[in-house]
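Right, one structure below, let's go through it.
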Amino acid sequence: MIKAAVIGATGYAGCELVNILSSHKDVKLSYLASHSYQGKRFSDVYPSFYRKVDSLLMEDDIEKAASVSDVIFLALPHGLASKVVTRDILREKVVIDLGADFRLKKRDVYESWYKSEHHSPDLLKEAVYGLPEIHRDEIKNAHLIANPGCYTTCSILTLYPLLKHELVETDGIIVDAKSGVSGAGRSEKTANLFCEVNESVKAYGVAGHRHTPEIEQELSFASGSDVVISFTPHLIPMQRGILSTCYASLKKGVSKDDVDKAYISCYASEPFIRITDYIPETRYVRGTNFCDISFRIDERANRIISIGAIDNLMKGAAGQAVENMNIAFGFDETEALDRKAGI
């Protein structure tokens, strides 16, 4: 049994973390923190947890959290984790950061895209990118795990086998992605109000979304050469879910059988990847840690269209964070994550 702390417990990702961890047979929740609701009980903020998680919400203090826990989940906005994570904490504890501070390996890339100073650049080299399907062996021994973003998880997993097996050209890749409104967080923003998003679809972060370098970093790792993509996210009037439609030009002579073999080679033994005959939809993965992937080949254009779907709060955030914890502590990777989608 290990003890777990969640700092930022009342955001959407933090709440999902609490929900998963509270049913994990090897975990006891030891410290829940919230800057906005300190002093209240968790079930006061989320009444659906009444008599399930009634813990008092504490201050956002990583030192105090570390004193009573073995693993610390940071569900905070970017720019905060790099201020509070220290080597002293990492010597004894595992920190899983759901924010962006440790995802990018280069400080200048982070500061350029996030317009924010990185306060712990010396920790970037030892941070492990927490995408289990690619970095599982590194995660097993990691003390600082950078949980990937939601768009990035879906887009990277969808494209990774194609680049790893050198089936597509590295230039001209396009990722067209859609997200539910919970991906924008729980803070009050006019643009996310019901009347602003209902009955409408909009692109945002066009030609400059912060998840772009994260996707490029991991796809470049897969291909062994620099990959530059065009990434455009869209906001969809639904609560949760990510759908990534990815376009790439096939190399000469590549067949459907080659693509099938590439996806099977990479994902056949993965517990949370489903290669499907049907075109993925967000409703098929809602509430689960699955990533559904399928593809079609446009022979006329010699292009492959690969489509991935995840739940942004599960495989795109809290579910993947718990998956990383399970790997780091030697638990069954699927513990507390073996959920099935509803209708």
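Observations, loosely collected:
- Flag if Asp44 is closer than 17 Å to Arg186 by Cβ and without any contact (Cβ under 8 Å) to a residue 24 or more places away in the chain: yes
- Listed here are the strands (runs of 3 or more DSSP E) enclosed by region 175-275 that have at least 3 residues being over 20 Å from the mean Cα position of the chain (by Cα): 242-249.
- Screening the candidates Ile279, Ile327, Ile297 for the property of being in contact (Cβ under 8 Å) with a residue 12 or more places away in the chain, part of a strand (DSSP E or B) and aliphatic (A, V, I, L, M) yields one hit, Ile297.
- Residue that is surrounded by 13 or more Cβ atoms within 10 Å (Cβ to Cβ), farther than 20 Å from Met1 by Cα and charged (D, E, K, R), where the choices are Asp88, Asp26, Asp44, Asp122: Asp44
- Thr158 vs. criteria under 26 Å from His234 (Cα atoms), part of a loop (DSSP other than H, G, I, E, B), out of contact with any His (no Cβ under 9 Å at 6 or more places or on another chain) and in contact (Cβ under 8 Å) with a residue 12 or more places away in the chain: no
- Every residue from region 50-63 that is under 25 Å from the mean Cα position of the chain (by Cα) and farther than 16 Å from Leu80 by Cα: Val53, Leu57
- Scanning region 19-39 for residues that are of a type in the set (Lys, Arg) and over 24 Å from the mean Cα position of the chain (by Cα) turns up nothing.
- Every residue from region 276-290 that is surrounded by fewer than 18 Cβ atoms within 10 Å (Cβ to Cβ) and of a type in the set (A, V, I, L, M, F, W, C): Ile279
Conditions tested, residue by residue: (1) at negative phi; (2) of a type in the set (A, V, I, L, M); (3) under 18 Å from the mean Cα position of the chain (by Cα).
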| site | (1), (2), (3) |
| --- | --- |
| Ala65 | yes, yes, no |
| Ala81 | yes, yes, yes |
| Arg103 | yes, no, yes |
| Arg107 | yes, no, no |
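- Within region 51-127, helices (runs of 4 or more DSSP H) holding 2 or more residues that are under 20 Å from His209 (Cβ atoms) and not aromatic (Phe, Trp, Tyr): 107-114
Read-outs throughout are calculated quantities, based only on the coordinates presented, and are distinct from any laboratory measurement. Treat the numbers as computed from the prediction; the structure is a model and nothing was measured. Backbone-built Cβ (ideal geometry, glycine too); neighbour counts: all protein chains shown.
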